[in-house]
1. Which of the residues spanning segment 113-140 are surrounded by fewer than 17 Cβ atoms within 10 Å (Cβ to Cβ), farther than 21 Å from residue 183 by Cα and either charged (D, E, K, R) or more than 41 Å from the chain's Cα centre (by Cα) (or both)?
2. Any residue in segment 247-260 that is at pLDDT 95 or above and within 22 Å of residue 189 (Cα to Cα)?
3. So which residues in segment 101-158 are closer than 20 Å to residue 190 by Cβ and of a type in the set (Asp, Glu), if there are any at all?
4. Please return the ranges of strands (runs of 3 or more DSSP E) entirely within segment 35-144 where 1 or more residues are under 30 Å from residue 267 (Cβ atoms), touching a Ser or Thr at 6+ places or on another chain (Cβ under 8 Å) and at pLDDT 70 or above.
5. Does segment 165-175 include one or more residues that are small (Gly, Ala, Ser), within 24 Å of residue 279 (Cα to Cα) and either touching a Leu at 6+ places or on another chain (Cβ under 9 Å) or part of a loop (DSSP other than H, G, I, E, B) (or both)?
6. Across segment 229-286, which residue is surrounded by the fewest Cβ atoms within 10 Å (Cβ to Cβ) among those that are small (Gly, Ala, Ser) and without any contact (Cβ under 8 Å) to a residue 40 or more places away in the chain?
7. So which of 233, 193, 163, 237 is more than 23 Å from residue 116 (Cβ to Cβ), in contact with a strand residue (DSSP E or B) (Cβ under 6 Å, 6 or more places away or on another chain) and modelled with pLDDT of 95 or more?
8. Can you name the residue in segment 154-164 that is surrounded by 21 or more Cβ atoms within 10 Å (Cβ to Cβ) and assigned to a helix (DSSP H, G or I) and is also farthest from the chain's Cα centre (by Cα) among such residues?
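The values are calculated or read from the model by the stated rules, or taken from the named source; none is laboratory data. Since this is a predicted model, take the numbers as computed values, not measurements. Here the Cβ is made from the backbone with ideal geometry for all residues, glycine too, and neighbour counts use every protein chain on show.
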Amino acid sequence: MNSQKNFHKPPVSPKVRRHRRKRRLILGGAAVVLIALIVGIVFLIRGCTAGSPPESSSPATTTTQPATTTTESSSQTTTQAPTTPATTEPTEPQGVDDSYFDNACFIGDSRTQAFMMYAGPANAADFSSKGLSISKVFSDKTVKLDGQELSVSDALGKKQFGKVYIMLGLNELGWSYPEIFADRCGDLIDRIKETSPDADIFIQSILPVTAARNDRGDYINNARILQYNELLKNLCKEKQVAYLNVREAVEDENGCLPDEASSDGVHLNKTYCQKWYDYLKTHTNAADYIPS
């Protein structure tokens, strides 16, 4: 019996029990604080991680590709729409100003007279006269220059010009041999080349007449005018000078001079003289109008 009593634990005193209970409370509280601290640290780490962009996200600054470039990546292809270039409306040619004609000379009959009166450049030489024909160019004294009365041919020898514009043929439409008209026009071209070798020479097409004037049945008619214009065009090809089809500036869809353009069916009024002049101002490069 005495040997069995030796295996029993001695009774714990109240003081020891209080001490143990206090230690357990302290350890438990410490454990709770430690757990709370660990949890707080975990939440803090997660919060910081959530506020930062993931490494696979696109950077804040992107590079803009050209409008027509396609950017490819392993995950997707993005095509940017091309930018439509700005367009400008075509503008009508404005032509040269009046000063371009300061060194020009105009040779012609009463049609050229009206042109020079209503629209022609003020500083250009005017060798036009009523009833002037290609034969009178070499014979009749129709030009007043420096106090002298001279023929057109002689007047050309008194001054050099940079440009010479010729419109003749209306008064020659009744000639029996139109080829003679073309030959004499060739003589005039040669004279200009002799007296003003650097001049640009422009042979202008004979302008049409109105339908009413055409229908009178005499030699002044549009068929005859077309025949003479073809002779002039061939002459320009031979002489290598410009042929300006100025009739296209004033004719209607039937190839006639509109009724509104003339009071007598032949001579142009101020409005249509201005159309003629505007055409000359936009057709200035002689080399462009040499027939081929």
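1. 130
2. Filtering segment 247-260 down to residues at pLDDT 95 or above leaves 247-260.
Filter once more, keeping what is within 22 Å of residue 189 (Cα to Cα): 247.
Taking every residue of segment 247-260 in turn, at least one turns out to be at pLDDT 95 or above and within 22 Å of residue 189 (Cα to Cα).
3. Selection gives 140, 154.
4. Values: elements: 70-72, 77-79, 104-108.
Strands (runs of 3 or more DSSP E) meeting the threshold: 104-108.
5. Going residue by residue through segment 165-175, those that are small (Gly, Ala, Ser) are 169, 174.
Filter again for within 24 Å of residue 279 (Cα to Cα), leaving 169.
Filter once more, so that each one left must be either touching a Leu at 6+ places or on another chain (Cβ under 9 Å) or part of a loop (DSSP other than H, G, I, E, B) (or both): 169.
Taking every residue of segment 165-175 in turn, at least one turns out to be small (Gly, Ala, Ser), within 24 Å of residue 279 (Cα to Cα) and either touching a Leu at 6+ places or on another chain (Cβ under 9 Å) or part of a loop (DSSP other than H, G, I, E, B) (or both).
6. Start the filter on segment 229-286 by keeping residues that are small (Gly, Ala, Ser), which leaves 242, 249, 255, 261-263, 265, 286.
Remaining after also requiring without any contact (Cβ under 8 Å) to a residue 40 or more places away in the chain: 249, 263.
Values: 249: 19, 263: 11.
Checking each candidate, the answer is 263.
7. Details: 193 fails: in contact with a strand residue (DSSP E or B) (Cβ under 6 Å, 6 or more places away or on another chain); 163 fails: more than 23 Å from residue 116 (Cβ to Cβ); 237 fails: in contact with a strand residue (DSSP E or B) (Cβ under 6 Å, 6 or more places away or on another chain).
Answer to the selection: 233.
8. By that ranking, first place goes to 155.
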